Amino acid sequence: MNFADPDVAELCDLLHRIGIGIEAGIWTIADAEALADSAYARRVVRVLVEPQEPEPHDAEAAAAMIGAALDRANIEAPRLYHGYGMATWRVIEFGLDGGWDIRVGLEDTLELPDGTPASGNAELVATAVGIARKHRRLPA
């Protein structure tokens, strides 16, 4: 559930009642605060930190601020970091540096870190695996 969406609390209530776990999509500090103020702050199964900023350093800064807001609220659910466009790669590195999960796919970016077009999801994932190995999150 994207906490930027209207009526998110009502939808979370419905999903919870029918036994579906809630993954919170957090785009901004305001979204993190909305999650913290909700009945689901301790019940989400995962938090997706998804900064929307297109510039890599701006997206990284937003990811850091969102993470800090989640920390202040003591939201302990696992986190998954991802970005959009070329900011994807910096957000992935930030997430790995923090020991969090990451994701990548054509929904996030069509380009590799050097700006060349990716041939598909497999190439994006292979690149992310290489970055994870560089960050010692996966064996070499």
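The values are calculated or read from the model by the stated rules, or taken from the named source; none is laboratory data. This one's a predicted model, so the numbers in the text were calculated from it and none came from an experiment. Note: ideal-geometry Cβ built from the backbone for every residue, glycine included; neighbour counts use all protein chains shown.
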Report every pair of residues separated by at least 6 positions or lying on different chains whose Cβ atoms are under 8 Å apart, first residue within the stretch 119-140 and without any contact (Cβ under 8 Å) to a residue 40 or more places away in the chain and over 12 Å from TRP89 (Cα atoms), second among the basic types (Lys, Arg) and not in a loop (DSSP other than H, G, I, E, B). PRO139/ARG133; ALA140/ARG133
Looking at the stretch 38-64 only, could you name the residues that are assigned to a helix (DSSP H, G or I), of a type in the set (Gly, Ala, Ser) and crowded, with 19+ Cβ neighbours inside 10 Å? ALA59, ALA62, ALA63
Go through the stretch 6-37 and give me each residue that's crowded, with 19+ Cβ neighbours inside 10 Å, β-branched (Val, Ile, Thr) and more than 16 Å from the chain's Cα centre (by Cα). VAL8
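I'm trying to understand the selection: among the residues of the stretch 98-111, which are aliphatic (A, V, I, L, M), outside any strand (DSSP E or B) and touching a helix residue (DSSP H, G or I) at 6+ places or on another chain (Cβ under 6 Å)?
VAL104, LEU106
Tell me which residues, restricted to the stretch 65-95, are in a helix (DSSP H, G or I) and either among the basic types (Lys, Arg) or within 11 Å of the chain's Cα centre (by Cα) (or both).
Looking only at the stretch 65-95, we keep the residues that are in a helix (DSSP H, G or I), and these are 65-72, 87-95.
Answer for the stretch 65-95, where residues must be in a helix (DSSP H, G or I) and either among the basic types (Lys, Arg) or within 11 Å of the chain's Cα centre (by Cα) (or both): ILE66, GLY67, ARG72, THR88, ARG90, VAL91, ILE92, PHE94, GLY95.
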Scan the stretch 27-48 and report the pairs whose first residue is at pLDDT 95 or above and whose second residue is among the charged types (D, E, K, R) and in a helix (DSSP H, G or I), with Cβ atoms within less than 9 Å and a gap of 6+ or a chain change. ALA32/ARG72; ALA36/ARG72
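Is it fair to say ARG42 is over 11 Å from the mean Cα position of the chain (by Cα) and under 29 Å from LEU14 (Cα atoms)?
Numbers: over 11 Å from the mean Cα position of the chain (by Cα): yes; under 29 Å from LEU14 (Cα atoms): yes.
The answer is yes for ARG42.
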